[in-house]
Structures are given as structure tokens and as C-alpha cells.
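First up is the structure itself, then whatever we jot down about it.
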Amino acid sequence: MKNTLKYMQTSQQMKQTKGNRWHLQGKKALVTGGNRNRQKAIVEELLTLGAEVWLVARNEQEVSELVTTLRDQGLPAQGTMADVSKSADCHKLMEQLSQQWDKLDILVNNAGTNIRKKTLSIRRRK
């Protein structure tokens, strides 16, 4: 709860300075890894600047809670539980996005991975 309160206070500070910055009105942004503090800040900033945001993370409850919090503030947020390291989840996500949006303007590929292989030896997982 303490983090949520701090997060909401930061949100209010951002909204107060919005008029002094550029905007993203009408832009659509996809943010992967969108339910931890750093990711929440990215999502909040994009929303504050006027973008519609779709956040993706592996924890369905946290995604749902964050989307609800943002919508309660009147912000256009959507979310999906998905593991973007899995091809099937990526295809499902793209189907959902395509049904809701006709374009994607911004991608924040914020999901973390820890692959300990040489780049050329990495293969896509099924």
C-alpha cells in the first residue's frame, strides 16, 4: 500500500507538469514487463502524456490491479497476462492487440531475461 500511495503521489506531480511538455495524444503504446515499480513509472508517464497504454506482465493479478488503479484515475490503460519469452503468448497478445487497435506506435520492450549464451547460439522457444 505504501508503494501505491507513493506511486499515486508521483502520478499527481506528473499531471501538474504535463502542460509544459510534449504530448503523445492518439498514440498507442505497448509496455512489456509492466507491473513493477520502474515499469509502472513508464506506463504512468506514457499515459500522462496522452498515450493509450497496453501493459503486459506475467502476473495476472498484478496486471489487473494496476489496470484497475489506472482506469480509476481516468487513464486509458489495458493489460494482458503474458510471458513474452513464449512464442504462443506473443501470438495471443498480438491477436488481442489487433482486435482492439489498428496500429502500434510505441513499444517499450521492458521484460527482463537472463540468457547466458552467445548471441548466435540463441534459438526461439516454441
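Any read-out appearing in this document is the output of simple, stated calculations on the displayed coordinates, not a laboratory observation. Note that the structure is a prediction, hence the values are computed from the model and not measured. Ideal geometry is used to build each Cβ from the backbone, glycine not excepted, and the neighbour counts take in all protein chains shown.
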Within the set Lys86/Lys117; Lys27/Lys103; Lys40/Lys118, which residue pairs have Cα atoms separated by over 20 Å? Lys40/Lys118
Taking the Cα centre of segment 24-112 as origin and charging only Cβ (+1 Lys, Arg; -1 Asp, Glu), how large is the dipole, in debye to the nearest 20? 180
Could you name the aspartates and glutamates whose alpha carbon sits less than 15 Å from that of Lys28, not counting residues in the same chain fewer than 8 places away? Glu44, Glu45, Glu52, Asp102, Asp105
Give or take rounding to whole Å, what are the principal axis extents of the alpha carbon atoms in segment 24-112, in descending order? 31, 27, 20
With label points set 7 Å from each Cα along the Cα-to-Cβ direction at Met94 and Leu107, the distance between them in nm comes to 0.9
Run the numbers on segment 24-112 and let me know its relative contact order in percent, using alpha-carbon pairs under 8 Å that are six or more apart. 37
Ranked packing of 57-67, 96-106, 41-51, 81-91, most packed first, by mean Cβ within 10 Å: 41-51, 57-67, 81-91, 96-106
Would you work out which of Gln100, Leu46, Ala111 lies farthest towards the positive end of the dipole of segment 24-112, given +1 charges on the beta-carbon of Lys and Arg and -1 on that of Asp and Glu, about the Cα centre? Ala111
